[in-house]
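Inspection log for the structure reproduced underneath, given as structure tokens.
What follows is calculated from the coordinates using simple rules that are stated; it is not laboratory data. Keep in mind that what you see is a predicted model, and the values were worked out from it rather than measured. Counting neighbours? That spans all protein chains shown, and the Cβs are built from the backbone with ideal geometry, glycine included.
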């Protein structure tokens, strides 16, 4: 039991870190530009695929550096040549553009790499077991993922709090119009933010690729969860996104690990429901089976009772 | 003695720690034309927002025709007979002029959320909309999209939407803002015509408009009313002069 | 102002000229079209496609009650479509098992009621907010329902779904609705009824206030309306018609599975509405027809038709956000003034490089597809009956030349098209059009 808790906590925190890598980029983009980038998870997927492809040719470490740069570059180009044009049509067309972009990116990925998962492996240097908890071997690669994520956050925090650009971005998180009026080259900052945001998602993809499955449908699986994270955390709040990422990461990981159902719970008190009755399906379903929908339940609850999210300052 | 149209009792409004309205008490009897003037930033628009329900007061009480309406939503207050216009034109931009006014007419004629009445068959709706459009001189422009109207026409439409529901209490927030003299004169004549017999509260900067229109004037400075009186007395008041012009060195 | 109304460029519906234009003539013409068209496209495939179009028209129009009419962007409208389909299919099976005298033509009502009830239930939580929050809630709810399909296997039928047989219900006038032609007429009749009903709703106080709430929810409050209530009533109404569409699909396919409630289906209806043009009542109809046609025909021509789908959507979002209906409406004043034909030469001139550019891009994409994903099929393929080898540089150079060259030439034609528009506009204004 304790083993389960510790391993699940580790995995949950790791998953949460990955989510935050993506959610931070998404929050930055939304806060500065008012665009909820539906295609954000698609850039995560591109990061994983680029990482895979480059690692085939030049090794994992080169891929780790090159793939996010390439994907971030693509993101910047998308902003410069497409999103900027759509921006003047309003927020709904912008959202729809990113929606179409997600669709197209998934199709292109399928076209180039096929529909099946690709064999993206952890580099041999990290392919050992870091430590053993009770009977489970915890892979070193996962520790590397955790380490990388933390490094990136530290760097992000440093940039945001100690550089001029960082201060501008912080201001834009809550007062984007004012920042524009202060004379900063807003279009260039937009391009930078979009590029960095998507680059962050790509880094998440490169490091997550070997651990999770790398396939064309991964964007569609992770995308909605990402939105749950930013909405629960509060649109425009990095701290909120952090908390929400950890929360969702832990909830999902623990949820999958727990194989308890209502039947088990109530059975302990002697309350049973016959197999033929209408309730039997809900009765016997385990938490593990519900795990995929827990984030969405949380999303709906938060949106009903606290629409600005946990720490949000901007109204959606 | 019937209750005053609007009664404010010690109304306060804070945003965070900033006090905008610091204890305003005011009574406006039915049928009066009341102007609220004051320097920029005094809180005049905020006062309107409080009365019309856009904001809830931090303290104090607001009564409409004797009924306590403090904290009610804007549509609840509107349904009780108060209608307001906006300083920054707040219309339905892609609907036609006709549709803009018609929307304002529907609730007061009792059609609520009906999706079983064919709107083109409702003769009263059509008649009332036509009459309002005639009053604001926009009948020939009724098919035009509201967003492409000229500025003065949009301000007239704004007034039209405000009076369309037949509310007895009308709040106009700087109706002549941005208008030339001749446009402002026309606007004032329009206002006088359409608010005949109703209670009118108007925020204005144009003193000619104010003194020509108002029965009484309240002067709002830094969230407090420093004087409420008939126009001649306000004109002569030292306190008001100081508020607008600053103290004259002795 | 609502987010949907914020943009200056996204012009909305042309102000309706007193409702008199939309006279009975339009509906009679529509009814005639419904009657004639199955005899024009009388093959099995043709009838199937027409049936699909009818279903999609109802579904897309119901979606536009939210997006175009009330400014509510939903990513989960397929929930009501799918639930309508599931309730319909269970109803058909129950009726057959119990031997009840219920004809299949009444089944769409079951779907509609399911859509209505769930619209009320989910609407009570979703419609408290507008804008992005509403879109996110709709996404969350859609995921919830789609995921619960795996849990409630009795109702949703697991991977295989639920099947039924429409011929086992009570026949009507000797028709058992086995043949596709009969199913088509069932769908067409319901489609026409729903179109009329949904149009009628736009001409009611609620319909007008939906538009007002879309434009400026705050101002709507100050004329006495609660925007939340307006949304809360519009939502189940649109669910009702979505449920009818779902039931029609259940009758048509005789099988319903969890993909009916999925995000993919929600995405398709969004695409269809937007491509057609959300600001016009006829827009979703156009969009539904085009999208169905593409889905059916393109999938035979190329394996990557979904990519073209997405690209078309992006092109519309970027360059024609008012959709096809918007493009047509743009030309309407010119047509009324009799100067539309003056644009034809300029359009032809512009069309040529556009066609070259598009063909070049398609060639490149198809070749990339063959090169990357279908390498095992070998390097030889045919594009428009011209054989080529994707491993050689020549076809690639040709594709690049066509795309880039076409684009450059196309841009050169824009001033010519613009001046043709200018002259036509001036003439039209002279003839009394408001442009």
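Tabulated values for the structure
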| read-out | value |
| --- | --- |
| Residue order, fewest to most surrounding Cβ atoms within 10 angstrom, among B:202, C:255, B:159 | C:255, B:159, B:202 |
| Peptide A:105-115 - average C-beta neighbours from other chains (10 Å radius) | 5 |
| Over the stretch C:337-430, relative contact order from alpha-carbon pairs under 8 Å, at least 6 apart, % | 47 |
| For the stretch C:3-308, projected area of the alpha-carbon convex hull averaged over all directions, nm² | 16.7 |
| Folded to 0 to 90 degrees: helix A:91-113 orientation relative to chain A principal axis, Cα | 70 |
| Beta bridges per DSSP with both ends in the stretch B:6-245, % antiparallel, nearest 5 | 55 |
| Helix axis angle, B:181-194 relative to chain B longest principal axis, alpha carbon, degrees | 70 |
| Per-selection metrics, chain B (Cα): Rg and Dmax in Å | 18.7, 72 |
| Beta bridges by DSSP in the protein assembly as shown, antiparallel share as percent, to the nearest 5 | 65 |
| Distance from the stretch B:81-105 to the stretch A:139-210 (C-alpha centre basis), Å | 43 |
| For peptides A:241-254, C:405-418, A:69-82, sequence by mean Cβ density within 10 Å, most packed first | A:241-254, A:69-82, C:405-418 |
| Nearest-0.05 FRET efficiency for residue C:377 and residue A:177, computed from C-beta distance (R0 35 Å) | 0.05 |
| Rounded to 5, percent antiparallel among DSSP beta bridges of chain C | 90 |
| Contact order normalised by residue count of chain A, Cα under 8 Å, 6+ apart, percent | 32 |
| Euclidean distance between Cα centres, the stretch C:169-223 to the stretch B:134-202, Å | 38 |
| Chain B: relative contact order as a whole-number percent, Cα under 8 Å and 6+ apart | 27 |
| Prolate/oblate/rounded call for the stretch A:61-172, Cα gyration tensor, a/c under 1.5 rounded | oblate |
| Cβ neighbours within 10 Å from other chains - mean over C:144-157 | 4 |
| Cα gyration tensor category, rounded, prolate or oblate, for the stretch B:41-181 with a/c compared to 1.5 | oblate |
| Inter-chain shielding of C:125-131 (mean C-beta neighbours from other protein chains, 10 Å cut-off) | 3 |
| Packing rank of B:164-175, C:356-367, where each peptide gets the mean count of other beta carbons within 10 Å, highest leading | B:164-175, C:356-367 |
| Förster radius 22 Å - calculated FRET efficiency between residue B:242 and residue B:22 (Cβ-Cβ, nearest 0.05) | 0.75 |
| Inter-probe distance in nm under a simple model that places probes 7 Å from Cα toward Cβ, at residue A:185 and residue B:76 | 5.3 |
| Pairwise Cα inverse-distance average, inverted: Kirkwood Rh of the protein assembly as shown (Å) | 31.7 |
| Rounded Å value of the spacing that divides the Cα centres of the stretch C:21-46 and the stretch C:383-435 | 34 |
| Structure-based [θ]222 nm, chain A - -39500 (n - 2.57) summed over DSSP H runs of at least 4, per residue, nearest 500 | -23000 deg cm²/dmol |
| Equivalent ellipsoid semi-axes - Cα gyration tensor, the stretch C:281-435, angstrom | 37, 20, 11 |
| Mean ellipticity per residue at 222 nm, deg cm²/dmol - from DSSP H runs of n ≥ 4 across chain C, formula -39500 (n - 2.57) | -24000 deg cm²/dmol |
| Rg in Å to one decimal, and Dmax rounded to a whole Å, for chain A via C-alpha atoms | 20.8, 70 |
